[in-house]
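Structure first, then comments.
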Amino acid sequence: MDDYLQGVEFLAFTPHLIWMLLVLAALLTVSALVSGSETAFFSLSPGDMHELEESETRQSQAAVKLLDDKDRLLSTILITNNLVNIGAILTANRIIDLIIRFQGAALLEFIVKVILVTFLLLLFGEIMPKIFAAYNTLSFARRMAVPLTALQRFFKPLSALLTRTGGTLTDALAKKQANLSMSELTDAIEIAEADSDDDKKMLTGIVRFVRTEVDQIMKPRIDVVALEQEASFAEVRETVVRSGFSRIPVYSENLDDIKGILYVKDLLPHLGEGDGFSWQQLLRPAYFVPEHKKINDLLEDFQKRKIHIAVVVDEYGGTLGVVSLEDILEEIVGEIADESDVEAATYEQIDANHYIFEGRTHLGDFLRVLELPDTFLDTVRGDADTLAGLMLEIRGEFFCEGESVSFGHIELTARRVENRRIAKVEVALTGEDTSDDDPTDD
């Protein structure tokens with residue numbers, strides 16, 4: 001111990017020290033009050049807020065006004081607290097220099113000037129007042145409202161500058177974080193506990209929802225049920241009954257020239273009309289959307305326009321298919337079946353490793369059934385939207401029945417081909433994932 005004290009000299013006490021100690025005590029008191037204010041104001045419960053709003057005292061009204069702009073209040077507290085703490089540190093160091101001359105005892109000087117001063121500042125200027133304020137939030141906030149109002153006015157220019165600068169940086173970081181969070185949210189859902197598998201699937205669907213484009217969920221052109229504009233009323237009734245759809249596109253000459261949408265409910269008052277009835281007058285305008293429109297934006301459009309169906313077109317204006325409100329909702333909640341769904345299921349599971357899929361099955365649905373990540377097919381899917389399209393994209397030529405192609409640990413076999421179109425696909429899970437290898441075909 002004597003080694004640490006070697007060279008240390010205690011100086012005589014002077015009256016000047018009294019003023020320095022009083023200044024230090026005042027600075028610590030201000031630091032304590034301001035630190036406690038931060039805890040008090042930002043810990044007020046809804047009940048406390050209601051009590052402040054109902055009170056007509058000057059203190060309560062000042063507190064309510066401060067809380068109307070919390071960013072400015074916080075900046076005022078932080079500016080005051082930091083300035084006061086810096087002043088307290090400088091004052092404490094000056095007092096120590098007037099009491100002790102350390103000379104060669106550098107370690108002891110560091111302990112006294114840094115560690116001891118920091119400990120006292122944290123204890124009396126931060127920890128104790130914040131603990132007290134946490135248990136007396138309402139009374140503390142009321143007592144400090146008027147002084148903080150005065151400080152807020154005094155530091156207004158500096159506070160406004162810091163708030164504006166901080167807001168700009170916060171907005172930039174928030175945008176970056178939002179982009180990152182969307183890519184990380186799926187992983188978070190996977191490791192989070194959910195009440196059921198259905199809950200987890202719905203949460204995953206919501207995450208995927210904001211990244212999905214219209215062409216990934218639309219009913220492709222070849223599967224669209226549509227009416228020719230010159231069709232007779234008898235043909236219209238037959239098509240409506242056969243399809244079971246409530247909204248049917250109407251075209252002139254071909255599907256690239258959509259004239260409107262026929263709503264079946266508009267036909268109901270005219271069911272007794274003869275075959276010469278001019279049903280074309282019932283058409284409603286069609287809503288056209290580009291193939292790469294995000295489905296969350298499309299859902300918003302549906303809500304604003306109060307419609308349930310849109311025609312999907314490519315960059316040349318050609319019709320690619322149609323998308324309905326039901327298609328969008330199914331991305332979140334899964335398949336929605338009703339009494340009008342007369343088509344067979346898009347897949348059938350043979351055993352744990354074998355499935356039979358419709359060739360027109362969308363790749364998003366395919367990945368969900370096999371519980372594969374959304375990025376699994378990114379390296380080979382190209383412009384393909386359906387399972388049959390994926391097979392053609394991988395192989396680069398048409399298939400005959402029985403021919404297959406592999407990617408990773410999945411083998412795709414054309415089980416039924418109709419006019420060069422793959423109608424049925426057998427999917428076999430072959431074992432380990434080898435997706436880094438090149439696709440092969442038989």
Seminar exercise, completed: If R0 = 41 Å, then LEU158 and ASN296, at their Cβ-Cβ distance, give a FRET efficiency to the nearest 0.05 of 0.50
For this session: Mind scanning LYS156/LYS304; LYS65/LYS306; LYS70/LYS113; LYS259/LYS294; LYS293/LYS424; LYS130/LYS156 and naming the pairs with a C-alpha gap bigger than 32 Å?
Result: LYS156/LYS304; LYS65/LYS306; LYS70/LYS113
Exercise. If you take every DSSP beta bridge whose two residues both sit in region 214-333, what share of them, in percent to the nearest 5, is antiparallel?
Worked result: 75
For this session: Could I get the Rg over Rh figure for region 347-441? Both from C-alpha atoms, Rh via Kirkwood, rounded to two places.
Result: 0.91
Problem set entry | Residue-span extension gain [ASN419 to ASN93] - 0.36 nm each, minus C-alpha spacing | 108.3 nm
For this session: Place a label point 7 angstrom from the Cα of ASP314 along the Cα-to-Cβ direction, then list the residues of region 384-403 whose backbone nitrogen is under 12 Å away.
Result: 384
Exercise. What's the extension gain from PHE13 to ASP266 if we count 0.36 nm per residue and subtract their Cα-Cα distance?
Worked result: 81.1 nm
Exercise. Quick one: if you stick a label point 7 Å off each Cα along the C-beta vector at ALA150 and LEU329, how many nm between them?
Worked result: 6.2
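Exactly which GluC sites (Glu not before Pro) in region 217-261 are in a DSSP loop and have at most 16 other Cβ atoms within 10 Å?
Listed in order of number, the matching sites are GLU230, GLU253.
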For this session: Can you find, among PHE124, VAL114, ILE95, the residue farthest towards the positive end of the dipole of region 2-154? Put +1 on the C-beta of Lys and Arg, -1 on that of Asp and Glu.
Result: ILE95
Seminar exercise, completed: Quick note on SER31, SER278, SER60, SER139, ordering by fewest other C-beta atoms within 10 Å, gives SER278, SER139, SER60, SER31
Problem set entry | Calculated FRET value between ASP68 and PHE288, using beta carbons and R₀ = 60 Å, to 0.05 | 0.80
Exercise. For PHE398 and SER246 in one chain, what is 0.36 nm times their gap in residues minus the Cα-Cα distance, to one decimal in nm?
Worked result: 51.2 nm
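Here, each number is a calculation from the coordinates, and none is a lab measurement. Nothing here was measured: the structure is a model prediction, and the numbers come from that model. Quick reminder, even Gly has a Cβ in these numbers, built from the backbone with ideal geometry, and neighbours come from all protein chains shown.
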